[in-house]
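Notes follow the structure.
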Amino acid sequence: MIERCPCCNAQLKQATTCPRCRADLNDIILVEQAAQYYLSDAITAMLNNDVEKTSLAINQSLKLKKTEMGLVVREFFIQQQNKLILDLLTQTQLLEAKRRLYDLRSIISYSKELQQLNLFTDYLLLRKKY
Ligand SMILES: [Zn+2]
């Protein structure tokens, strides 16, 4: 919920039209609600271990509105996936690691660690052939 008018900074109190400058805030409110919807979608997908859907929903939510909560969820998800991929590599489950990195492709640009793990996994996969 937006607390202040983005045009004149007046306090809003649930109004969809600014009481001071009369700005129509319906579109902004709809975008915020959509961002929230995608974020809860991302959290549900994360709990269901759906890596690809989580990545897409987090991106969509942050594209609509960069919230503190959205950034925290993305950071937590990236850390969790880093650890899981490292575990897979330790167990030499290279193809499973590569599959997971592929499912993370829409979010990989936000993490140096994931990018490095992706390169490292490719390197290990190549080495394995010889
Ligand atoms: Zn206003």
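The values are calculated or read from the model by the stated rules, or taken from the named source; none is laboratory data. Because the structure is predicted, anything quoted here is derived from the model rather than measured. Backbone-built Cβ (ideal geometry, glycine too); neighbour counts: all protein chains shown.
Starting from the stretch 1-12, keep only residues that are near the ligand (Cβ under 7 Å from one of its atoms), then list their pairs with residues that are modelled with pLDDT under 90 and in a loop (DSSP other than H, G, I, E, B) whose Cβ atoms are within a distance under 7 Å, requiring at least 6 positions of separation or different chains. Close Cβ pairs satisfying both conditions: C5/L12.
Table: residues versus (1) under 14 Å from D103 (Cβ atoms); (2) assigned to a helix (DSSP H, G or I); (3) of a type outside the set (D, E); (4) within 12 Å of the ligand (Cβ to nearest atom).
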residue	(1), (2), (3), (4)
C21	no, no, yes, yes
I28	no, yes, yes, yes
A34	no, yes, yes, no
Y38	no, yes, yes, no
M46	yes, yes, yes, no
E52	yes, yes, no, no
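Taken over the stretch 72-108, residues that are among the aliphatic types (A, V, I, L, M), closer than 16 Å to T44 by Cα and loosely packed, with under 15 Cβ neighbours inside 10 Å amount to 1. When L56, L47 are checked against the criterion of being modelled with pLDDT of 95 or more and within 30 Å of L126 (Cβ to Cβ), a single residue qualifies: L56. The residues on offer are T16, T44, and the sole one that is polar (S, T, N, Q) and under 30 Å from R105 (Cβ atoms) is T44.
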